[in-house]
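The values are calculated or read from the model by the stated rules, or taken from the named source; none is laboratory data. All of these numbers come straight from a predicted model, not from anything done at the bench. So basically every Cβ, Gly included, is an ideal-geometry build from the backbone, and we count neighbours across all protein chains shown. Areas reflect the complete protein model, heavy atoms only, side chains present, ligands, DNA and RNA absent. Shrake-Rupley method; radii C 1.70, N 1.55, O 1.52, S 1.80 Å.
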Amino acid sequence: LGSLLFYLLGLVDDKKDINANIKFIFEFFIVSILIIADKNLLIEKIYFQSFDKTIYLGKYSFIFTVLSIIIFINALNMYDGINLQVGSYCIIILLTLMYFSNLDLILLILIMSLITFLYLNYKSIIFLGDSGTYLLGFIISYLIIYTAKIDNYYLLSADKIFIIMLLPGLDLIRLFIIRLRNKKHPFSSDRNHVHHIIEKSLGYNKTILYLITFSALSNLLMILF
């Protein structure tokens, strides 16, 4: 249900370019309904392994979960700017989750699907668009929450999740600050993303190579250390 609703929202956004405020309301409504229907999606606490510190969310669990999912979905959507970028990043996330979870079959199916997509995306035959990034953003959000809760948030802790989501997360924060300072909506679109900035000076090939390498190395080092 969540995958279908977010895919349809993205499809309409692709066709009609929905107003950012209206889009946020729809996203909030969809995630709220899903959490009410499936309590497995609710984040009850945040555990930081680096500091051995647990923050219990209590009555703030619902709103924290809703905003976390919405922010990641929009961060992934903003991160989609050049061919191979989001597809390869999602494969790296799914491979990382294989180390932490027991969802090998689901993750393998998603990885194989994305490899097929990457081949066609490289040839500029198909693109993710909003429908693709919203769909992947929701699926990955659900899988990360599910995986974290398997071992009561200890194995896949909050600091590890931060590293997994590092690149699109930091780019989202940077863009939020710039857009708010310029009195623009934080979810509005522009060409000031990190991949646009790097591509202007280094070109497409080096940009995609650096972005994939950074994501892969950060996740690998997180698993090793």
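Counting only protein heavy atoms and a 1.4 Å probe, the chain has 53 square angstrom of accessible area per residue. Nonpolar atom fraction for the chain, defined as the carbon and sulfur part of the 1.4 Å probe accessible area, stands at 68 percent. For Phe117, the accessible surface of its heavy atoms amounts to roughly 20 Å² (probe 1.4 Å, protein chains only, rounded to the nearest 10).
Going 7 Å from the Cα of Leu57 toward and past its Cβ, which residues in region 150-183 have a backbone nitrogen under 16 Å from where you end up? It comes to 150-154, 156-162, nothing else. Within a straight-line Cα-Cα reach of under 18 Å, Lys184 can be paired with the following aspartates and glutamates, leaving aside sequence neighbours fewer than 8 residues apart in one chain: Asp17, Asp171. Candidate cross-link partners of Lys149 among the lysines, defined by an alpha-carbon separation under 23 Å and a same-chain spacing of 8 or more, comprise Lys39, Lys45, Lys53, Lys59, Lys160. Among residues other than Leu103 with Cβ under 15 Å from its Cβ, the summed charge is -1 (Lys and Arg +1, Asp and Glu -1). What whole number of Å gives the distance from the Cα centroid of region 111-190 to the Cα centroid of region 1-45? Region 1-45 and region 111-190 have Cα centres spaced 14 Å from each other. Using a cutoff of 8 angstrom between alpha carbon atoms and counting only pairs six or more residues apart, the relative contact order for the chain works out to 28 percent. For the chain, the membrane-span-like helices by this rule, meaning whole DSSP H stretches whose C-alpha atoms cover at least 20 Å of axis and whose Kyte-Doolittle mean is -1.0 or above, are 2-16, 20-37, 61-79, 85-100, 104-122, 129-150, 166-181, 204-224; this says nothing about an actual membrane.
Karplus-derived 3J(HN,Hα) values for region 46-58, using 6.51 cos²θ - 1.76 cosθ + 1.60 with θ = phi - 60°, are 10, 10, 9, 5, 4, 10, 6, 10, 10, 10, 8, 7, x Hz; glycine and proline are entered as x. At the residue level, Phe162 shows approximately 120 square angstrom of accessible surface with a 1.4 angstrom probe and all protein chains present. Residues whose amide H falls under 5 Å from that of Lys45, counting only those 5 or more places apart or on a different chain, are Leu57, with hydrogens built in the peptide plane. Within the shell defined by Cβ-Cβ distances under 12 Å, the residues around Tyr7 carry a net charge of -3, with Lys and Arg each +1 and Asp and Glu each -1. Placing unit charges on the Cβ atoms of the charged side chains and taking the dipole of the chain about its Cα centre, the candidate lying farthest along the positive direction among Ile91, Ile106, His195 is His195.
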